[in-house]
């Protein structure tokens with residue numbers, strides 16, 4: 001039996017379940033977003049909920065806020081991940097312990113991390129009380145507002161804390177596979193550390209860095225639990241907006257929630273399509289000049 005056929009048969013059951021759940025959910029969500037919900041008497045498909053959402057000022061504010069949180073979180077996580085990977089690439093005393101600490105955020109659920117940051121960063125939280133106890137504040141209320149604030153600082157910090165190790169471990173794996181000869185050759189030619197990173201390491205890191213960053217952006221763009229717990233009531237992100245409409249006791253709000261969900265899904269799928277195009281183009285160029 002050919003290896004490709006054997007692999008297909010082995011992965012078939014798992015892929016079938018994933019496709020069934022994903023495609024089934026998308027189909028049901030699309031139907032409800034088009035006002036097709038026979039359980040409450042809606043049987044005539046319409047685009048009115050999409051039009052209402054897209055023309056709503058609250059939707060535009062939520063979209064901009066979602067993009068802001070996702071872009072800033074992903075950008076900071078990328079920078080910190082590369083810096084951490086470059087550090088962990090070196091051999092030093094306590095290397096294993098530092099690597100273990102770096103990986104601690106990976107198994108922690110986002111909701112647990114968000115709850116921890118609430119206890120840590122609010123004006124009555126542990127950090128404010130610690131700074132107050134050493135005399136740097138005359139009262140805990142002087143601590144800056146980092147939770148439920150307009151800039152969503154706590155939300156971004158949670159995402160950065162969670163996603164930096166995810167990107168960093170991929171970058172570290174790539175770095176460990178890069179031969180030191182490239183850097184040594186550049187050093188002998190007079191390249192400084194920044195030039196060696198810019199012209200040698202960074203191009204080699206880009207495929208793994210871009211792929212993991214796309215995953216992180218897609219996740220943060222569609223995640224609702226962290227901004228729901230740490231963000232303002234209004235404005236908030238698109239996933240939170242969809243979640244609140246979905247849990248509304250009035251089932252007439254369900255199509256609106258599904259319309260927002262389908263818009264989020266469309267944006268994420270479009271992003272993945274752009275990345276796939278980029279990966280194919282990069283692979284083609286690499287084969288062309290190999």
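The values are calculated or read from the model by the stated rules, or taken from the named source; none is laboratory data. Remember, predicted model here, so these are calculated numbers, not experimental data. FYI the Cβ positions are ideal-geometry reconstructions off the backbone, even for glycines, and counts take in every protein chain you see.
Annotations
- Residues within region 85-104 that are part of a helix (DSSP H, G or I) and either under 14 Å from the mean Cα position of the chain (by Cα) or in contact (Cβ under 8 Å) with a residue 60 or more places away in the chain (or both), tallied: 5
- Residue match in region 111-124 (condition: assigned to a loop (DSSP other than H, G, I, E, B) and free of Cβ contacts under 8 Å to residues at least 12 places away in the same chain): no
- Elements of type helices (runs of 4 or more DSSP H) in region 193-290, at least 1 residues being over 18 Å from the mean Cα position of the chain (by Cα): 193-196, 202-222, 238-246, 254-288
- Among the residues of region 66-85, those identified as farther than 30 Å from residue 235 by Cβ and touching a helix residue (DSSP H, G or I) at 6+ places or on another chain (Cβ under 7 Å) are 82, 84, 85.
- Reported count of residues in region 35-78, each being surrounded by 13 or more Cβ atoms within 10 Å (Cβ to Cβ), under 28 Å from the mean Cα position of the chain (by Cα) and not in a helix (DSSP H, G or I), is 1.
- Given (1) touching a residue at least 24 places away in the same chain (Cβ under 8 Å); (2) surrounded by fewer than 19 Cβ atoms within 10 Å (Cβ to Cβ); (3) more than 20 Å from residue 263 (Cβ to Cβ), number of the condition residue 82 does not satisfy: (2)
- Looking across region 171-180, just one residue is surrounded by 14 or more Cβ atoms within 10 Å (Cβ to Cβ) and outside any helix (DSSP H, G or I), and that is 178.
- Hits in region 111-170 (condition: exposed (fewer than 14 other Cβ atoms within 10 Å of the Cβ) and closer than 15 Å to residue 225 by Cβ): 111, 112
- Against the list (1) surrounded by fewer than 13 Cβ atoms within 10 Å (Cβ to Cβ); (2) over 26 Å from the mean Cα position of the chain (by Cα), the condition residue 183 fails is (1).
- Residue in region 7-21 that is under 28 Å from residue 173 (Cβ atoms), at pLDDT 95 or above and either outside any strand (DSSP E or B) or in contact with a helix residue (DSSP H, G or I) (Cβ under 7 Å, 6 or more places away or on another chain) (or both) present: no
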